[in-house]
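Peer 1: Following this message is one structure expressed as structure tokens.
The values are calculated or read from the model by the stated rules, or taken from the named source; none is laboratory data. Note that the structure is predicted; figures quoted are calculated from it, not measured. Using ideal geometry, Cβ is built from the backbone for each residue, glycine included, and neighbour counts are taken over all protein chains shown. Just the protein is used for accessible areas: all its heavy atoms, side chains included, with ligands, DNA and RNA removed. Shrake-Rupley method; radii C 1.70, N 1.55, O 1.52, S 1.80 Å.
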Amino acid sequence: MALNRKDLGLLALRGAVGGVLIAHGTQKLFGWFGGGGLDGTAKAMEAMGFHPARQSALAAGLGEAGGGAMLLVGLATPAAGAVAVHAPAGFFVMSGGYEYPAFLGATGLALGLAGPGRYSIDHLTGHAFDQPWVGALAFVASAASAYGVVARRRHAVRLAEERAAVEADTQDGSGLS
């Protein structure tokens with residue numbers, strides 16, 4: 001069997017993107033590669049308005065590491081990306097923007113559309129999980145989850161802002177009669 005350049009390219013791309021996602025997820029889960037681990041990630045998630053923070057940290061870490069592992073081996077070739085945390089800072093990563101998560105999401109989407117290639121578990125299983133309905137289900141589930149997380153975060157941030165405003169009014173009003 002001769003090696004196929006297209007399939008080798010897909011394998012290389014899946015390996016690179018999957019590896020980055022695995023590393024990013026294990027930073028959140030275990031503190032590897034200089035990450036904060038689950039406790040540090042939960043604190044960061046809470047500061048960003050994600051509640052419950054520990055469950056949000058666990059979901060983010062598992063989604064990144066698990067999705068990266070699936071991409072790496074070419075199983076169910078997922079297409080998902082989230083930019084909610086970075087969106088308020090604009091696009092470019094230099095200012096804290098969502099450029100990098102958007103790139104990973106677009107790459108995952110492209111791989112999901114192109115398929116995993118011959119050198120994958122999907123190919124070995126006769127593409128049992130590489131079906132249009134799996135992609136559609138993954139997209140709907142990802143979109144619904146992202147919407148739920150972002151809505152819950154916006155609500156928590158709005159409540160925190162309202163509490164801060166009430167506290168500021170209370171402090172400004174104290175001592176004046």
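Peer 1: Give me the percent of accessible area attributable to carbon and sulfur for the range 1-68, probe 1.4 angstrom.
Peer 2: On the way: 2450 of 3690 Å².
Looking at the range 1-68 in its full context, I get 66 percent from C and S.
Peer 1: Go through 7-14, 165-172 and give me the packing order, highest mean Cβ count within 10 Å leading.
Peer 2: Values: 7-14: 17.1, 165-172: 9.6.
For the peptides 7-14, 165-172, the packing ranking is 7-14, 165-172.
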